[in-house]
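Report on the following structure.
The values are calculated or read from the model by the stated rules, or taken from the named source; none is laboratory data. If you're wondering where the values come from, they're calculated on a predicted model, not measured in any experiment. Using ideal geometry, Cβ is built from the backbone for each residue, glycine included, and neighbour counts are taken over all protein chains shown.
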Amino acid sequence: MPRIPLPATREDLTEDAQREVWDRVVSGPRGRVVGPLRAAIHAPDLARAWSALGESLRFGTSLGKRLAELAIIVTGRRWSAQVEWFVHARAAAEAGLEPEIIAAIRDGRPPRFTEPDDAVIYDYARLLLRDGNVPDDLHARVTQRFGVKGVVELTALVGYYSMVAMTLNAHGIPLPEEAPLPLAAPPEGLFDQPPPE
């Protein structure tokens, strides 16, 4: 159950600034106000900045959709963010990530990657989320493969989607379509991802 009011339509908003953010989001690449933006819109300045950052990272990253969605589902799984997983596991599949990899990440099994880029993105996101940092050699590998811009975007993706996950979880934002929970969350703490095979 939501812990705060979550506007479902533009008419649910009480401030002009909220309606301005709503209109901007609806006319952008998202096409609708969903998920954490339904909470953030209570603070219009936050929602405006949040939406711009999210659009840049989700739709404009140099990493490409497949790798971005891989980093997002690793992040969503770490936080057991049901809505984040629900949305982005589908997006990852649509971007070409194999169902076996998605299932392994969901279940906490070591994923078997056939693409070296997938493995390095997974490991970077996993270790950043686990330790709050990454080893020098892994940072260097990601930087060599994707450039400084890529490693900065990857780090920002993990951070941004951690904020999304916390917002979804803390405010009890429900799954769309009354879907069943896709993730089994640990009773306490965060979900640990194993290294890839």
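The single residue among P194, P174, P186 that is in contact (Cβ under 8 Å) with a residue 60 or more places away in the chain, surrounded by 13 or more Cβ atoms within 10 Å (Cβ to Cβ) and on the phi < 0 side of the Ramachandran plot turns out to be P174. Selection of segment 141-168 for residues being crowded, with 16+ Cβ neighbours inside 10 Å and either hydroxyl-bearing (S, T, Y) or more than 24 Å from L67 (Cα to Cα) (or both) yields T155, Y160, Y161, S162, T167.
The listed residues are A179, A170, and the only one of them that is under 30 Å from A47 (Cβ atoms) and at pLDDT below 95 turns out to be A179. Kindly indicate which of A93, A89, A71 is in contact with a helix residue (DSSP H, G or I) (Cβ under 9 Å, 6 or more places away or on another chain), farther than 24 Å from E178 by Cα and aliphatic (A, V, I, L, M). From the options A93, A89, A71, the qualifying one is A71. For segment 93-144, what are the residues that are under 15 Å from F191 (Cα atoms) and among the aromatic types (F, W, Y)? Selection gives Y122 alone. Just checking, does segment 116-126 include any residue being over 25 Å from E100 (Cα atoms) and exposed (fewer than 15 other Cβ atoms within 10 Å of the Cβ)? The answer is no, given that none of the residues of segment 116-126 is over 25 Å from E100 (Cα atoms) and exposed (fewer than 15 other Cβ atoms within 10 Å of the Cβ). With over 16 Å from P195 (Cβ atoms), at pLDDT 95 or above, hydrophobic (A, V, I, L, M, F, W, C) and within 18 Å of the chain's Cα centre (by Cα) as the only criterion, which of A95, A140 stands out? The match here is A95. Among helices (runs of 4 or more DSSP H) entirely within segment 80-151, having at least 1 residues that are closer than 16 Å to T61 by Cβ singles out 82-94, 116-131. Evaluating P29 against the criteria (1) assigned to a loop (DSSP other than H, G, I, E, B); (2) within 30 Å of E115 (Cα to Cα); (3) free of Cβ contacts under 8 Å to residues at least 12 places away in the same chain leaves one unmet condition, (3).
Scan segment 32-46 for residues that are assigned to a loop (DSSP other than H, G, I, E, B) and either polar (S, T, N, Q) or surrounded by fewer than 16 Cβ atoms within 10 Å (Cβ to Cβ) (or both) and the total you get is 3. Pairs meeting the criteria (first residue in segment 47-69 and in a loop (DSSP other than H, G, I, E, B), second residue surrounded by fewer than 14 Cβ atoms within 10 Å (Cβ to Cβ), beta carbons under 8 Å, at least 6 apart or on different chains) are S62/G147; S62/K149.
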